[in-house]
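Structure first, commentary second.
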Amino acid sequence: MSPMRLIILAIAAGAAIAAALLVRNLSANSANDEPIIVEKEVEVASAKVLVTNRDLVVGELLTPEDLEWADWPSGYMNLEFFTEELQPTAIEDVSGSVVRTPFYENEPILPQKIVQKGDTGYMAALLKPGMRAMSVQISAESASGGFILPNDKVDVILTFTQEDPVTEEAVQAILTILENVRVLAIDQAFRTTDTGESVVGRVATLELSPDDAELITLAGRKGNLTLALRSLGDALSSGEEVVSRRDDFLLPDAGGVGAGQVVILRNGEPTISNVGGTGS
């Protein structure tokens, strides 16, 4: 082999070795290098929307404490939402409304899911399922001087005239026919006043079962009805249960201690007698 050919082969071999080393180095560097991640913050446009801050059930009365403004993505806006930009007084405006459809916490308020003050159906939305609204005539004296307010609990007392079984004279008799009844409204006032002032009205609307509504109707024809305000402690301890004396009032011979009995005022002193004047 000629010297020239040897020189050419040597140069080619060196170039091949150099190329192999270069490829190996590049591969090693690529394996050791960590990928570079570029984080980019994406700003999402939002608006302040009126939402609930707790779960709400049907019939609840909304208060300012139940509502708040929350950021809501603009891409998911509903034209019915209350927004701080367009309705800055929405919390005050919506307060006092009645929940028509249940809400979950942080759910936007929709007009279709509430009954606002003055809307048709407001009283019906305020009633618990199965209950009835019954209005009774009252006076300031028979309504604790005007200090009975909506959502208070009261006892309903009937005062009527019956024959004294002893003297056979007409005397005044008293019977508590219902206990722990919820007051829905005084006249057209569905909620307590913001100033805390008393509400003096001529009509009280009570929440009653169908049977108790019938009892109130009959009692109103028999005599005069008076509302006795229950203490907050009594109202809380009694829960939602209404105690009815329907059987005592309608069935004087129902039996049992005190069944069918009323209190008769005789010369200013209370005595016990049976409804209708039978017995002593």
task: Towards the positive end of the charge dipole of region 46-125, with charges on Cβ (+1 Lys, Arg; -1 Asp, Glu), say which of V98, F82, T52 has the farthest Cα.
output: V98
Estimated FRET transfer efficiency (D247, N151; beta-carbon r; R0 22 Å; 0.05): 0.20
- prompt: Between Q112 and E240, what is the FRET efficiency for a Förster distance of 25 Å, r being their Cβ-Cβ separation, to the nearest 0.05?
  reply: 0.35
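Between A213 and A133, what is 0.36 nm times their sequence separation minus the Cα-Cα distance? Round to one decimal in nm.
That pair, A213 and A133, stretches by 28.0 nm at full extension.
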- prompt: What is the fewest-to-most order of R54, R100 by other Cβ atoms lying within 10 Å of their Cβ?
  reply: R54, R100
task: Do me a favour and compute the ellipsoid semi-axes for region 46-125 from its Cα gyration tensor, root of five times each eigenvalue, largest one first, whole Å.
output: 21, 13, 11
task: Starting from the Cα of E84, step 7 Å along the direction of its Cβ; do the same at R202; then give the gap between the two resulting points in nm.
output: 4.7 nm
query: For E68 and A170 in the same chain, what is the full-extension length gain: residue separation times 0.36 nm, less their Cα-Cα distance, in nm?
result: 30.6 nm
- prompt: What is region 93-182 by shape, rounded, prolate or oblate, if you read a ≥ b ≥ c off the alpha carbon gyration tensor as root eigenvalues and call it rounded for a/c under 1.5, prolate for a/b larger than b/c, and oblate otherwise?
  reply: prolate
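Where a number appears in this text, it was derived from the coordinates with a stated rule and is not lab data. As the structure is a computational prediction, the values presented were derived from the model and not from experiment. Cβ: placed from backbone, ideal geometry, glycine included. Neighbour counts: every protein chain shown.
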